[in-house]
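The structure under discussion appears below in the form of structure tokens.
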Amino acid sequence: MKTKNKQTKFPVARIKKIMQKDEEVGKVAQATPIVICMYALAKALELFLSMIVEEACNVTVHRGAKKVEAYHLKHAVETTEMFDFLKEIVESVPDP
């Protein structure tokens, strides 16, 4: 039985078309859209981590703790609607 490799892929061809719509952009090398995709993925990950760490930090400060613990992250996920997709992952983290 084949297992599908689930990966998020950015539409390289679409990115190349968008880049070429700019009149100042001439020909686009084949690797350029791939590099742009990698940068976009890295930036998205950076923003996601920044948001979730900031929420966990807020929970930590609110509880008067000195260190961010796993249950702070759990509380941040449970109380922030944007992180609903992570609830199944953090449900096994024990509360203090």
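Its Cα gyration tensor gives segment 12-91 an equivalent ellipsoid; the semi-axes, largest first and in whole Å, are 40, 12, 10. The residue among Thr80, Phe48, Pro96 whose Cα reaches farthest toward the positive pole of the charge dipole of the chain, with charges on the beta-carbon of Lys, Arg, Asp and Glu, is Phe48. Stretching Glu69 away from Ser92 to a fully extended chain increases their span by 6.9 nm, per 0.36 nm per residue minus the current alpha-carbon distance. Of the GluC sites (Glu not before Pro) found in the chain, the ones in coil according to DSSP and having at most 14 other Cβ atoms within 10 Å of their Cβ are Glu23, Glu24, Glu91.
Solvent-accessible area per residue in the chain equals 87 Å², computed with a 1.4 angstrom probe and all protein chains kept. Taking Cα centre as origin and charging only the Cβ of basic (Lys, Arg, +1) and acidic (Asp, Glu, -1) residues, the dipole magnitude of segment 30-71 rounds to 120 debye.
Placing pseudo-labels 7 Å out from each Cα toward the beta carbon at Cys37 and Thr79 gives an inter-label distance of 3.9 nm. Helices in the chain that qualify as membrane-span-like (whole DSSP H runs, Cα extent of at least 30 Å along the helix axis, mean Kyte-Doolittle hydropathy of 0.5 or higher) are 31-63. In the elastic network of the chain, a GNM with C-alpha springs shorter than 10 Å, the most mobile of Val28, Val12, Val68 is Val28. Summarising the label geometry, the points placed 7 Å from Cα in the beta-carbon direction at Phe48 and His62 lie 2.3 nm from one another.
The values are calculated or read from the model by the stated rules, or taken from the named source; none is laboratory data. As the structure is a prediction and not an experimental result, all values here were calculated from the model. Because the Cβ atoms are built from the backbone with ideal geometry, glycine has one as well, and the counts that use them run over all protein chains shown. When the accessible area is computed, the model is the full protein with side chains, heavy atoms only, and any ligands, DNA or RNA have been set aside. Shrake-Rupley method; radii C 1.70, N 1.55, O 1.52, S 1.80 Å.
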